[in-house]
Amino acid sequence: MRLSPRTVREIDSPMGATYALLAGRSGERALLDLAQAAPSYPPAAEMIEHVAAVAHEPNGAAYVPAPGLPRLREAFAADLSHGYGSPVGAGQMVVTAGCNQAFCLVAQALTEPGDEVIEVLPYYFNYDMWLRMNGVVPRYLDPGPDLVPTPEAAEALITPRTRAILLVTPGNPSGVTLPPEVLAGFYDVAKRHDIALILDETYRSFRDTAEPAHRLFAEPDWAGTLVSLHSFSKDLAIPGYRVGAVVASPELGREVMKLLDCVAICPPRVGQEAAWAGLTSAREWRRERANEVTEKRRWLETVMADRPGGFELLSCGGFFGWVRHPFAGRGTDEVVRDLVTRYDTLVIPGTAFLPDDRQVFRVSFGNVDRAGLTEFAARLRLMAKDVLG
């Protein structure tokens, strides 16, 4: 048989490639896994109890309606309306098997081969991979040293083939949270050029404020421009349950459901039931867990403040830190390989998120504690001492 050249030319999953490095680690120390963006805690007890109860129901394993479990959509609509201070309706969302699937379906519904999508550097690798495998051309927007892109720079990249601007905030991998006024500027640009503003808000609960991430849902015709993508994986600690959502116009939702029916029929019921229980019964639990992640972020900033071994924390937020290494003459992939094989520390190289090597790597601090982050800084110092003397 012959395989698709577009797929064959694409890279393998950076996550898989990174975890394959574990086979060569020294094992002299306990493993510090700073690669996977996953919570270190289980779901709330109410969620577990509800899922167990559903499993015993006669229809507990049945399909759910195409747009998603009705009570989940109602609960999520109420959650969004409260969080953004503007009404969002259940009819404006489609439940998906995670945010990755949400993006893939939206991109498929908006683009054809040869079309373009503007991506901010550093990009989320799965999104970039999907676009390329489907013949869509990424146009990269370099945000500069502060990693906050400008609407003006995005507008300069728009061509007749541009179909969307893609933003992830808080960022993966950078952790950078884009201010509401910046998002409003991107919305204005997208609306003016009649293209979509795709906003991945997976980490919206892990910001430094309870204020709305943006005010775009207050725009009277927001659904003609904005596509808001969501995940319950981090917020409710159910990454393996695979449940997310597309919040957009009913017209786009219809096209998303066509595609969803072909690839999954519907997202797993168990994930949707768990998400409903979390949204309706675990609000305080969500707030407490988000505060725990915030404390971890602050501790990472503390242990990295003096640039241990010359490693510099460029940005931090959500679940991530974006770190520059001090070895100008060494490739980042080699540095990351040494970190795991010689120092038992697993991170993701920045080359997975960029078209070139900029001496950076991603740290995910969600699944380690303060002691682990302190040890991380110590291992960076040790590595720099061994390499630089």
* Spin-label model distance (nm) - Lys258 vs Glu28, 7 Å beyond Cα toward Cβ -> 5.9 nm
* Is the shape of region 1-78 rounded, prolate or oblate, going by the alpha carbon gyration tensor and its root eigenvalues a ≥ b ≥ c, with a/c under 1.5 for rounded and a/b larger than b/c for prolate? -> oblate
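I'm checking a number: the convex hull volume of the Cα atoms of region 207-351, normalised per residue, in Å³. What is it? List each step's numbers first, then the result.
Details: hull volume 27.2 nm³, N = 145.
With only Cα atoms used, region 207-351 gives 188 Å³ per residue.
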* **Virtual paramagnetic centre 7 Å along Cα→Cβ of Glu312, amide N under 12 Å, in region 141-159** => 145-146
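Using a/c under 1.5 as the rounded threshold, could you call region 1-160 rounded, prolate or oblate? The axes a ≥ b ≥ c are square roots of the C-alpha gyration tensor eigenvalues, and prolate needs a/b larger than b/c, oblate otherwise.
Details: a/c = 1.58, a/b = 1.18, b/c = 1.34.
Cα axes put region 1-160 in the oblate bin.
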* **Of Ala274, Ala37, Ala53, the one that fluctuates the most in a GNM where the chain has Cα springs shorter than 10 Å** => Ala53
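Net charge within 11 Å of Thr351 by Cβ-Cβ distance, Lys/Arg positive one each and Asp/Glu negative one each, not counting Thr351 itself? Please list the in-between numbers first.
Working: positive: Arg358, Arg362; negative: Asp333, Glu334, Asp356, Asp357.
Summing Lys and Arg as +1 and Asp and Glu as -1 gives -2.
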* Asked: Which whole-Hz couplings ³J(HN,Hα) result when phi for each residue of region 195-207 is put into the Karplus expression 6.51 cos²θ - 1.76 cosθ + 1.60, θ = phi - 60°, listed in order with x for Gly and Pro?
  -> 10, 8, 9, 8, 10, 7, 10, 3, 9, 4, 6, 10, 10
* Crossing angle, helix 283-303 versus the chain [Cα axis fit, 0-90 degrees, rounded to tens] -> 30 degrees
* To do: Report, to the nearest whole %, how much of the accessible area of the chain belongs to carbon and sulfur atoms, 1.4 Å probe, protein only.
  => 53 percent
* To do: Take a quick pass over the chain and tell me how many lysine pairs come in under 28 angstrom between Cα atoms, counting only ones 8 or more apart or on separate chains.
  => 4
* Structure fact -> Over the chain, the sum of -39500 (n - 2.57) across DSSP H runs of at least four, divided by residue number and rounded to 500 deg cm²/dmol, gives at 222 nm -13000 deg cm²/dmol
* May I ask you to derive the FRET efficiency for Glu49 and Glu288 from their Cβ-Cβ distance with R0 = 22 Å, giving the value to the nearest 0.05? => 0.75
* Residue with peak Gaussian network fluctuation, the chain [Cα springs, cutoff 10 Å], from Met93, Met257, Met15 -> Met15
* To do: Enter the accessible area per residue of the chain (Å², integer; probe 1.4 Å; all protein chains in place).
  => 42 Å²
* Asked: Given q = 0.20, 0.22 Å⁻¹, what are the Debye log10 I(q)/I(0) values for region 175-241, with equal point scatterers placed on the Cα positions and solvent ignored?
  -> -0.86, -0.98
* Asked: Taking R0 as 22 Å, what's the FRET efficiency between Glu10 and Asp357 from their Cβ-Cβ distance, rounded to 0.05?
  -> 0.75
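Please state the shape class of region 99-181: rounded when a/c is under 1.5, otherwise prolate if a/b exceeds b/c and oblate if not, all from the C-alpha gyration tensor. Don't skip to the answer; put the middle values down first.
Values: a/c = 1.97, a/b = 1.34, b/c = 1.47.
Since a/c reaches 1.5 but b/c is at least a/b, the shape of region 99-181 is classed as oblate.
Kirkwood Rh over Cα pairs of the chain into Stokes-Einstein at 10 °C, 1.306 mPa s: D in µm²/s?
Numbers: Rh = 21.7 Å.
Estimated diffusion coefficient is 73 µm²/s.
Take the Cα pairs of region 244-316, get the Kirkwood Rh, then feed it into Stokes-Einstein at 37 °C and 0.692 mPa s and tell me D in µm²/s. Write out the running numbers ahead of the final one.
Numbers: Rh = 16.3 Å.
Answer, rounded: 201 µm²/s.
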* Give the relative contact order (percent, whole number) for the chain; include only Cα pairs under 8 Å separated by 6+ residues. => 25 percent
* To do: For region 244-389, calculate the relative contact order in percent as a whole number, restricting contacts to Cα pairs under 8 Å that are 6 or more residues apart.
  => 21 percent
* Asked: What distance in nm separates the simple spin-label points at Thr374 and Asp194, each placed 7 Å from Cα in the Cβ direction?
  -> 6.0 nm
* If you rank Glu312, Glu28 by how much accessible surface each has, with a 1.4 Å probe, what is the order from largest down? -> Glu28, Glu312
* When the Cα centres of region 336-357 and region 172-223 are compared, how far apart do they sit, in Å? -> 30 Å
* Asked: When the dipole is taken about the Cα centre of region 1-155, and only Lys, Arg (+1) and Asp, Glu (-1) are charged at their Cβ, what size is it in debye, to the nearest 20?
  -> 520 debye
* Which of Gly16, Ala75, Gly89 sits farthest toward the positive end of the charge dipole of region 1-91, with +1 on the Cβ of Lys and Arg and -1 on the Cβ of Asp and Glu? -> Gly16
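The values are calculated or read from the model by the stated rules, or taken from the named source; none is laboratory data. The shown structure was predicted, so the numbers you read here are calculated from the model rather than taken from an experiment. FYI the Cβ positions are ideal-geometry reconstructions off the backbone, even for glycines, and counts take in every protein chain you see. Areas reflect the complete protein model, heavy atoms only, side chains present, ligands, DNA and RNA absent. Shrake-Rupley method; radii C 1.70, N 1.55, O 1.52, S 1.80 Å.
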